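J.: Please find one structure pasted underneath; my questions will follow.
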Amino acid sequence: MTEQIPFLSVGSTYTELQPELDAAIQRVLQSGWYLLGGELKAFEDEYAQFTESQHCVGVANGLEALVLALKAVGVEPGQEVLVPANTYIATWLAVSYVGATPVPVEPVPGTWNLDPGRLEEALTPKTVAVLPVHLFGQPADLDPILGWAKAHGLKVVEDAAQAHGARYRNRRIGAHADAVAWSFYPGKNLGCFGDGGAVTTDDAGVADRIRVLRNYGSRQKYYNEVKGHNSRLDEIQAAVLRVKLRHLDAWNARRKALAARYFSGLQGLPGLGLPGLQAGAEHAWHLFVVDHPRRDELQTCLAAEGIQTLVHYPIPPHLSEAYASDGSWKAFPITEAAAESHLSLPIGPHLTESEVDRVVSVIRDWCHGTG
Ligand SMILES: *Cc1c(COP(=O)(O)O)cnc(C)c1O
């Protein structure tokens, strides 16, 4: 039987670090304190330091991080937020949850990140913020986005759910914009063993509003200043994240080496598009996404060889059932074509170089018509 190459292996991070993780979890269980305690405080300090930001506030998950970040920068019902047309639906849902309207903007083909040159045409008197996503782990071109937003008096919130450890202009993603939302969903570059999220920022006011919002809108028990959420990162997940954070740079270095191997092996194949690199950005390689007009056939061929691939994302939010009733969407041809041609190849610290070589060889044979 051919050896299986899994797309992702969340369990392998546990196997690799089992003694450290078991000790961290035991420590929390024995402490008798499970929410808003010392582990969370320590993780927040460590993650703020890692992301080169002044403040980190742990929350329940990535979607909540986005919602609370939007509220904290002042987005209100009825207003509009510019979002990538091609993103995971959570980016749009966050805008919808604060009662605002997501206004889609097409990406730059290749990097697939928000095209700064298309922001102007999406601007209306209701626009109050821009929400770029660092898609697949590669920072969006923040300088022109931040410059344009500033010129129009708009806030910027980054969706960094796929970009742990990435850099833009030699600075970690973490506080280039007004607020940065993170997810620690198990499959992310930094993931916990359940749900988790955080917001990082250099703005003390934003951090303070999120701290109040995440805990029922209260600073002091039973005194509720605002209608808050229950959105807390628990002590067990915080303790797990502290252990894993110490290994993140090494894991990302592995991802980078595997990406380089894909690049050299897959260069110049007929019909195959490789990821475009953003100048001034350091990719975190959460996903390695190629393009091919006959994507489904390529995916079937890889599957027959035991190689698991995924599509991020097969249905853009504006074509999803969830947003069908939100009005008549215009066409987003770049986004719609990308959904038909994207294919995510296996990448992650669980993979070996010889496994990547096997993926490369299957794709080479197929592209040359010999597979
Ligand atoms: C994973 C992800 C989210 C949501 O994170 P959750 O923790 O699952 O809520 C948001 N945006 C993007 C781009 C993501 O990849």
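Every number in this text was worked out from the coordinates using simple rules, so none of it is lab data. All values derive from a computational prediction rather than experimental measurement. Here the Cβ is made from the backbone with ideal geometry for all residues, glycine too, and neighbour counts use every protein chain on show.
J.: For segment 166-192, which positions are in contact with a Lys or Arg (Cβ under 9 Å, 6 or more places away or on another chain) and away from the ligand (no atom under 11 Å from the Cβ)?
T.: Ala166, Ile173, His176, Ala177, Asp178, Ala179, Leu190
J.: Of everything in segment 3-34, what is touching a strand residue (DSSP E or B) at 6+ places or on another chain (Cβ under 9 Å) and exposed (fewer than 13 other Cβ atoms within 10 Å of the Cβ)? Give them in sequence order.
T.: Hit for segment 3-34 is Gln4, nothing else.
J.: Separate question: Do we have any residue at all in segment 163-176 that's charged (D, E, K, R) and on the phi > 0 side of the Ramachandran plot?
T.: Checked against the condition, which is being charged (D, E, K, R) and on the phi > 0 side of the Ramachandran plot, segment 163-176 yields at least one hit.
J.: Can you tell me which residue is surrounded by the fewest Cβ atoms within 10 Å (Cβ to Cβ) among those in segment 314-371 that are hydroxyl-bearing (Ser, Thr, Tyr) and closer than 26 Å to Trp285 by Cα?
T.: Per the stated criteria, the residue is Ser354.
J.: OK, next. What are the pairs, 6+ residues apart or on separate chains, where a residue within segment 188-201 that is of a type in the set (D, E, K, R) has its Cβ under 7 Å from a residue that is more than 10 Å from the ligand (Cβ to nearest atom) and assigned to a loop (DSSP other than H, G, I, E, B)?
T.: From residues that are of a type in the set (D, E, K, R), the pairs are Lys188/His164.
J.: Quick one: in segment 57-76, of everything that is charged (D, E, K, R) and in a helix (DSSP H, G or I), which residue is nearest to the ligand (Cβ to nearest atom)?
T.: Glu64
J.: Let me ask something else. Would you check which residues across segment 219-229 are out of contact with any helix residue (DSSP H, G or I) (no Cβ under 7 Å at 6 or more places or on another chain) and either assigned to a strand (DSSP E or B) or closer than 19 Å to Tyr97 by Cα (or both) and list them?
T.: Selection gives Gln220, Tyr223, Asn224, Lys227.
J.: Of the conditions (1) more than 16 Å from the ligand (Cβ to nearest atom); (2) in contact (Cβ under 8 Å) with a residue 24 or more places away in the chain, Asp45 fails just one. Which one is it?
T.: (2)
J.: While we're here: Restricting to segment 193-220, and then to whatever is buried (at least 24 other Cβ atoms within 10 Å of the Cβ) and within 13 Å of the ligand (Cβ to nearest atom), can you tell me which residue is nearest to Ile236 (Cα to Cα)?
T.: Gly196
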